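Report on one structure; see the data block that follows.
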Amino acid sequence: FLKLHPGLGREVFAAIAATADEVGIAFEGHVSDDVGLRLALGARQRAIDHLDGYLQDLVAPECLDGRLAPGFFGVGLTDCYDPARLPDAVAATVAAGTWMAPTQVLLEQWVDPPDEAALRARPGVRYLPRPVVEQWLRSRASFLGLQGLTPGRAARFTGARRALMAALHEAGVPFLLASDAPQVFNVPGDSTLAELALYAAIGMTSAEALATGTVNPARYFGAEEIFGTVREGLEADLVLLGGNPLEDLGATRRLEGVMLRGRWLARADLDARLEALAARMAADE
């Protein structure tokens with residue numbers, strides 16, 4: 001698919017959408033401020049990343065008169081959020097057949113960054129290059145107070161996004177598991193599981209949350225006969241967990257082994273590889 005990035009003008013977006021439809025290539029990604037949610041949905045954008053464009057659509061029109069800067073993903077419009085506008089935006093999304101890749105864990109950390117001790121204590125940080133972690137910590141200073149965000153305003157921003165996710169899910173809009181790692185504070189792997197937990201927090205059952213990273217990607221790519229479920233004839237890339245994630249989603253963090261491209265990697269194999277990686281990162285410091 002074509003990945004759309006921020007900053008597209010309406011004419012450029014229209015040209016991309018028309019040409020993509022003509023040659024049969026899906027397009028997905030960001031929703032530029034100039035394009036707006038309704039034009040993206042009208043063009044049947046295949047998926048929207050980060051819930052981009054939604055908060056701008058969920059505010060009173062007078063809040064878009066230029067006096068308020070939308071900021072990152074509409075964060076500057078937080079106080080103008082109008083939940084009464086939610087049903088119409090959800091209905092338009094359903095009609096367009098558009099999928100969601102929310103990366104909610106990323107946005108929640110932008111408006112409420114972890115403190116240094118909490119970040120360094122996260123699983124997986126020891127496997128990252130030191131310059132990456134230090135850059136994240138420097139970025140933290142610029143995120144604090146972003147768009148005049150007080151703790152209360154940050155909580156309202158997070159709450160508005162979670163309410164949107166819940167409404168979209170309830171209406172049947174399909175989700176794709178994504179955390180946007182290795183963006184700031186998002187350790188690859190660990191942040192994906194944190195995103196998964198957020199899907200449960202907005203009302204998904206464990207099975208529905210797990211589907212966002214298994215069945216749904218296969219559906220999205222029209223590849224249900226290749227991967228996405230565990231059955232005879234499909235690619236045998238899977239994980240073995242130390243518990244039933246349908247009963248306890250936290251079992252996704254109790255990894256016993258991985259089958260990757262026909263090769264079994266037991267917990268001991270994984271630990272050895274991780275320790276070697278941690279040692280290399282420590283040596284580079």
Might you check whether a residue that is surrounded by 19 or more Cβ atoms within 10 Å (Cβ to Cβ), of a type in the set (Ser, Thr, Tyr), modelled with pLDDT of 95 or more and touching an Asp or Glu at 6+ places or on another chain (Cβ under 8 Å) occurs anywhere in the range 193-201?
-> yes
Of the residues that make up the range 231-245, is at least one under 21 Å from the mean Cα position of the chain (by Cα), open to solvent by less than 50 Å² (accessible area, probe 1.4 Å) and free of Cβ contacts under 8 Å to residues at least 24 places away in the same chain?
-> no
Residue list for the range 22-45, restricted to those being among the charged types (D, E, K, R), more than 21 Å from ALA178 (Cα to Cα) and at pLDDT 95 or above = GLU22, ARG38
Condition set in a loop (DSSP other than H, G, I, E, B), under 21 Å from GLY97 (Cα atoms) and not acidic (Asp, Glu), scope the range 204-227, selection most open to solvent (accessible area, probe 1.4 Å): answer is PHE221
Could you pull out every one of the helices (runs of 4 or more DSSP H) wholly within the range 77-173 that has 1 or more residues that are within 30 Å of ARG273 (Cα to Cα)?
-> 104-111, 116-120, 130-143
If you go through ALA283, ALA272, the only one that is exposed (fewer than 12 other Cβ atoms within 10 Å of the Cβ) and either over 29 Å from the mean Cα position of the chain (by Cα) or closer than 30 Å to GLU134 by Cβ (or both) is ALA283
From the list GLU208, GLU256, which one is more than 24 Å from the chain's Cα centre (by Cα) and touching a residue at least 12 places away in the same chain (Cβ under 8 Å)?
-> GLU256
Can you pull out the residues in the range 228-277 that are among the charged types (D, E, K, R), part of a loop (DSSP other than H, G, I, E, B), within 21 Å of TYR199 (Cβ to Cβ) and in contact with a strand residue (DSSP E or B) (Cβ under 9 Å, 6 or more places away or on another chain)?
-> ARG254
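The values are calculated or read from the model by the stated rules, or taken from the named source; none is laboratory data. Model, not experiment: these values are computed from the prediction. No Cβ is skipped: glycine too gets one built from the backbone with ideal geometry, and neighbour counts run over all protein chains shown. Just the protein is used for accessible areas: all its heavy atoms, side chains included, with ligands, DNA and RNA removed. Shrake-Rupley method; radii C 1.70, N 1.55, O 1.52, S 1.80 Å.
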